[in-house]
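A.B. asks: Got a structure for you, written out below as structure tokens; questions coming shortly.
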Amino acid sequence: MAKKKRQPPHEEHEGEPWLLPYSDLMTLLLALFIALFAISQTDQTKLKQMAQAFTAAFNSGGPSFFDAMGPNPGRRAEMPSDEDLGNSAYIQENQNLEQVQRQMEEYIEANNLKDKLTTELSEDGLMIRIKERALFPSGSAQLVGEAQKIAPVIAGLLATLPERVVISGHTDNVPINTAQFPSNWELSSSRALNFMKYIISQDNRLNPRRFSAVGYSEYRPIASNDTDEGRQQNRRVEVFIARNYRFDPNASVSAVGADGAPAGKATGNIPSTGTMSSMGSTADSSIGGTDDGGVSSTGGPTMGGKAYTGDLPPALAN
């Protein structure tokens, strides 16, 4: 009987041995990334469903390391570092200022006041600019009737914020020299003070400690004084809401002082260049002023030509 010839053993191709470990590696990597994704989610229901899927796929229903995994509330309640706290405070404050700006812009749009009021949000804070004709007669510090509409809105918005508020008066460079206002310093300061008192009187939630008033005379122009249009823009009152926090990834959050002013790196500085006038300061009458016009013979806040005495806080009623 003839013997059968043995067939030579089958030789595998050189490239075939790597296929099995490669496929296993890809499967494990896929499982790893899916597991990391599932663990990073705060939805524990989805994580449990993912664990059940892996158990069925890789262990044929047997026990799995996912079974030992339970809810991890520590991941969701992880306390941020001091640096994160500082950034979080800045972000929250920025969101609050943006919301106030949106509300103010909506009021401006609804009442067609674009030619009288503007807002600007910067790294220093939120600025609300009000042109002279919306608050005062020419050359006067008496609040006119339109201020009764604007001031309550601003007061209501300021009551929702804890930041310091600086109200500043500005003039053009046209000289003025009257018995009540020998120069622009007096006029700009009186306007800022009167408007500040009137705003505080509109909402009893406002703490006078947060407020200050300052007159800048002609020395903070935002437009050229060479034209009538430019001088109109320079005659204004500004309500500045100063930030308490600055974004600084290399420093922790700084506390706010007891007087409402930020301490350390938490800043609320008003943009400043040049010399600032204190309230009630006097200067040489040769310093520039605003356009001529009637002036009030009464001191303190006024409304419609009459001294305003209603509902002022005790600290400001003098």
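A.B. asks: Within the range 98-116, can you find the residues that are buried (at least 18 other Cβ atoms within 10 Å of the Cβ) and either outside the structural domain of residue 149 (by TED's automatic domain parsing) or under 17 Å from residue 165 (Cα atoms) (or both)?
C.D. replies: Residues satisfying the conditions are 100, 101, 104.
A.B. asks: Something else about it: Tally up the residues in the range 117-133 that are closer than 15 Å to residue 196 by Cα and outside any strand (DSSP E or B), please.
C.D. replies: Total meeting the criteria: 1.
A.B. asks: Now a separate question. Looking at 154, 150, 130, can you tell me which residue is in contact with a Leu (Cβ under 6 Å, 6 or more places away or on another chain), surrounded by 18 or more Cβ atoms within 10 Å (Cβ to Cβ) and not small (Gly, Ala, Ser)? Even if it seems obvious, please write down each step before you answer.
C.D. replies: Numbers: 154 fails: in contact with a Leu (Cβ under 6 Å, 6 or more places away or on another chain); 150 fails: in contact with a Leu (Cβ under 6 Å, 6 or more places away or on another chain).
Matching residue, one of 154, 150, 130: 130.
A.B. asks: Test residue 151 against the stated conditions and say whether it is in contact with an Asp or Glu (Cβ under 6 Å, 6 or more places away or on another chain), assigned to a helix (DSSP H, G or I) and in the same structural domain as residue 231 (by TED's automatic domain parsing). Spell out how you get there, then give the answer.
C.D. replies: On the way: in contact with an Asp or Glu (Cβ under 6 Å, 6 or more places away or on another chain): no; assigned to a helix (DSSP H, G or I): yes; in the same structural domain as residue 231 (by TED's automatic domain parsing): yes.
For residue 151, the condition - in contact with an Asp or Glu (Cβ under 6 Å, 6 or more places away or on another chain), assigned to a helix (DSSP H, G or I) and in the same structural domain as residue 231 (by TED's automatic domain parsing) - is not met.
A.B. asks: Okay, next question. Among the candidates 210, 243, 191, which residue alone is over 30 Å from residue 89 (Cβ atoms) and surrounded by 16 or more Cβ atoms within 10 Å (Cβ to Cβ)?
C.D. replies: Numbers: 210 fails: over 30 Å from residue 89 (Cβ atoms); 243 fails: over 30 Å from residue 89 (Cβ atoms).
Of the residues listed, the single one that is over 30 Å from residue 89 (Cβ atoms) and surrounded by 16 or more Cβ atoms within 10 Å (Cβ to Cβ) is 191.
The values are calculated or read from the model by the stated rules, or taken from the named source; none is laboratory data. Quantities reported herein were computed from a predicted structural model and do not represent experimental measurements. Heads up, the Cβs are rebuilt from the backbone with ideal geometry, glycines too, and the neighbour counts pull from every protein chain shown.
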